[in-house]
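In what follows, a single structure is set out as structure tokens and then discussed.
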Amino acid sequence: MAQLRETINRLEKQVSHLRADTKELNAQMEDLSGKLHAKEATIQDLRSTLQDRDSSIADLENTVAENKATILDLEAKLREGERMRKVLHNTVLELKGNIRVFCRVRPLLGEELAGVPGDDPDPQHIVFAFNCISFIELFFPLQSILSQTIRGPLGKGKYSFHFDQVFSPSSTQSVVFEEISQLVQSALDGYQVAIFAYGQTGSGKTFTMEGVQEDLEQRGMIPRSVEQVFASAEHLRQDGWKYELQVSFLEIYNEKIRDLLTNSKDQEVKHELKMVSPNSPEVMVTNLTYVKVNSPQQVFGLLKKASTNRAVAETKMNEHSSRSHSVFRLHLKGFNSVTHEKSAGCLNMIDLAGSERLKESKSEGERLKETKNINSSLANLGNVIMALANKDQHVPYRNSKLTHLLSNSLGGSSKVLMLLNLNPREECFSETLNSLRFATKVNNCNIGTAQKKTK
């Protein structure tokens, strides 16, 4: 009996332990079950989040596809807008006239101001209209010793002229360039452009065209044009355009061509004008230096090099008178990788030798020969422009080196600007009047419609 009780007590203890273990296991199972439900809820949340993300990704992909389509459409519209800009830009210039004339009067300088009455530095015999930027009047100077020789039989003492633009002595280089910048852009668009600085010796032609490179405010039309071309070319990259630019710079002295960019010391190298090919109207210069340029600074270095090589001699009209025509040419070849369009333009910027009559220049010996050649060349330039305006069958391009060289940039398919420069001194009245009359003849010409050159 005692043994049975002992067995029962032992079994009861085992049952008690088992119950405790079971209770602990049930608690653990409840805890695990709670954690399982929590994990399942987390998984459900993650699945919901993934579904939301998948939906967002799909929406984003659709948005990206729509944006890509919009970008393509906008790029197409941008190209069409650029094409229309070129068309409208060309139309505006055509309406203004493919040959235009600007007139610029330089200010009185240094000792020239000594005899000016009052505080007004402007010339007294040249009057600019207050409300008209295209009008200029020339009054016969009262103190002039020419009073009995220039008035003529009718005693006329006032001469009025109208041009596309007139710049007074206070006009800055930037103001002048703002008006010619549209023509510079045309060269980038694939047109032949020629800009001439015309006027007597000492009228400010070289300052207008070249200026002072070290002074940003006084930089001339050539360096400003170069900067605009490079800036525009960089801007057009986003439309698929890539340009190759080449520079040449020469002078025509006594009807002989000189290369201003050559490294050779041999000045006897001959430069002749020849047709590029039998079927091409383009003219090339043999043995001429062409430099591929990639920045405005590189071109500025070439301008300095050319300036030191240019022929300069003293005349009675101007002790620093340039005795040659200088011709700066910027050749622009463009290719559009998107539209596969090609263009080929050329910007010609010409600083003409001083125009003055033999009597006024008081030239002698070699200077006399220079003056005769200069006047002959300038006269033929006028003859060519008149022949183009009259639609003559024969245009005398070959009568001078200057017009022969620029024959492709003077015809009806090009855009031409004559920038007339005037000396404000009263003793230059006669030459000023002659220059204004010549410029008026040019301004009355219509040489036709410019045509873009594509390949």
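Throughout, read-outs are computed from the coordinates displayed, never taken from laboratory work. Given the structure is predicted, the values throughout are model-derived calculations rather than measurements. Virtual Cβ from ideal backbone geometry, glycine too; neighbours counted across all protein chains shown.
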- Message: Using each residue's phi in the range 199-214, evaluate 6.51 cos²θ - 1.76 cosθ + 1.60 at θ = phi - 60° and report the 3J(HN,Hα) Karplus result to the nearest Hz, with x for Gly and Pro.
- Response: x, 6, 4, x, 8, x, 5, 5, 4, 4, 7, 10, x, 10, 4, 6
- Distance (nanometres) between label positions extended 7 Å along Cα→Cβ at His394 and Glu137: 4.5
- Query: In the range 269-306, which trypsin sites (Lys or Arg not before Pro) are in a loop and have at most 12 other Cβ atoms within 10 Å, using DSSP for the loop call?
  - Reply: Lys270
